[in-house]
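Read the structure below first, then the notes.
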Amino acid sequence: MPVAASAVYFLNLRGDVLINRLYRDDVGGNMVDAFRTHIMQTKELGTCPVRQIGGCSFFYMRISNVYIVIVVSTNANVACAFKFVVEAVALFKSYFGGAFDEDAIRNNFVLIYELLDEIMDFGYPQNLSPEILKLYITQEGVRSPFSSKPTDKPVPNATLQVTGAVGWRREDIVESVNLLMSSKGSVLRCDVTGKILMKCFLSGMPDLKLGLNDKIGLEKESQLKSRPTKSGKTIELDDVTFHQCVNLTRFNSEKTVSFVPPDGEFELMKYRITEGVNLPFKVLPTIKELGRTRMEVNVKVKSTFIEKLFALGVVVKIPVPKQTAKTSFTVTSGRAKYNASIDSLVWKIRKFPGQTEATLSAEVELISTMTEKKSWTRPPIQMEFQVPMFTASGLRVRFLKVWEKSGYNTVEWVRYITKAGSYEIRC
C-alpha cells in the first residue's frame, strides 16, 4: 500500500512544531506530543526511524536542524514515505535557494503550506517535480541569509513548452448522490449527479482521449474493433454536458471524449445517472411517540461499500418536535447531541468503515402544552458524508491516452469521491 499519511510535522531540535499539515482526521492533533514524549525525550531518535506508538506509526528523518515526521494510522509503505520526504526537501530547497533549515521554514510559512497542499492529497503523494510545480506556484521563497548557495533560477515556462520534457495531469470524479428512502428501507427516488474535474499541466498542444465504462461508448468501441470489449460493469450516462474543449463531432460519431485541454484546472464534463445507483448508506429509523411527553428514537445506519474504504464526516440529523425539553443518548460510534436551533438530534461519526453498522438510541422528553393540538408532522432524516475512492454511479476511468508529437512521458492520477446531496430518509 502506498503512503496514506494522516499528518506531517516539521519540528525543530527542541520539539517545537514549526509547521504541521493534517491530511486525514483519523489521528488527533496531539500526536506530536506522543512523538516528543516517547521518542525525543527518551533520546531514542538515532535508534530506528520508524516507531509505533499506540495505533499509529511515526516515520521521521532529520534534515539539518529540522525533524520531518509522518504519522500514519494504517499499514503504509515505509520506503515510499522516506522517498517522499527526500523529494519534498529537494523541492523546498529549489524554492529556498538551496537551504533547508529552521530559519528557511520560518521565513517561508505561506509558501510551504501552499506546496504541502499540492504535493500530498488526502495523504497520498502527488507530483513533486520542481519544474512542474514552478509553472503554477510562481512565488519565490525567502532565501536564508546564512545560505551560501545561489538561488535557483525559476524554470521558464517556454522551455518546457518547447522541449515537451514532462507532463502531469490529475482527474477528479466528484459525485453527489440524492436519495429519498422510506422508513422501511425502500428507495422512493434516487439519482447521482457527477462531474469530472481535471488539473492539467501538459506542454504543447496534446490530444487527449478519455475512456469511461459507459454502455454506449463501450458498444461503439466494440463495433469499431469488430470484437467484444472486456469492460466489467457498464453504466448509462444521462444529461451529459461537456467543456468547450471537447470535440463534439468525434463524440457524436465515435462516442469517445476527445479534447485538447486548457492549462490548469477545469470541468471536463457533467453527467447524471438514475439507474443502478450504489447507495453508500442504508438507514433504518424507528421512532415511537409514547404519549404526549416522551419519544423513543432508534436509528441504525449501515455502510454498503467495501471494507477497505471508509466515509468521513458522517452527520445524521434526526428531527424532533419543537417542544423537546430533554434528551439522553446511547451510540455505538461517534457522538450525539440535541441542537435546538434546528430541532434535531445531531449524530456525528468522524470515520465510518465499510460493511459496518452503527446505532443510536435516544429518549426524548417533551413539554406538554394545551395549545398544541396538531399531531407532529415528521420531517425526513438527513445525512451528510463523503466517501473517498468510491462512486455511487459505478463510473470508472478505463484509460486516458495522450498524443503529442514530441512523445513525452506523462504522470496521471485519478481520484474518486462521493458526497451526500439531498440524502433523506422518511421516519
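Electrostatic bookkeeping for ASP26 treats Lys and Arg as +1 and Asp and Glu as -1; over the other residues with beta carbon under 11 Å from its beta carbon, the sum is +2.
Subtracting the Cα-Cα distance of SER64 and GLU254 from 0.36 nm times their residue separation leaves 62.7 nm of extension gain.
What is the sum of charges, Lys and Arg at +1 and Asp and Glu at -1, for the other residues whose Cβ falls under 10 Å from the Cβ of SER303? Taking every Cβ under 10 Å from that of SER303, the sum is 0.
Residues in segment 274-288, backbone N under 15 Å from the label point at GLU357 (7 Å along the Cα-to-beta-carbon vector): list them, ranges by number please. Answer for segment 274-288: 281-286. Given R0 = 56 Å, the distance between the Cβ atoms of ARG335 and VAL86 translates into a calculated FRET efficiency of 0.90. Seen from SER258, the other residues with C-beta closer than 12 Å to its C-beta sum to a net charge of +2, counting Lys and Arg as +1 and Asp and Glu as -1. Beyond 30 Å between alpha-carbons counts as too far, so tell me which of LYS83/LYS209; LYS195/LYS401; LYS199/LYS300; LYS93/LYS199 fall in that bin. Distance filter (> 30 Å) returns LYS83/LYS209; LYS199/LYS300. Just report the Cα centroid separation between segment 291-314 and segment 247-277, whole Å. So the separation of the two Cα centres works out to 36 Å.
Read-outs throughout are calculated quantities, based only on the coordinates presented, and are distinct from any laboratory measurement. These figures come from a predicted structure and were not determined experimentally. When we count neighbours, we look across all protein chains shown, and the Cβ atoms used for this are built from the backbone with ideal geometry, even at glycine.
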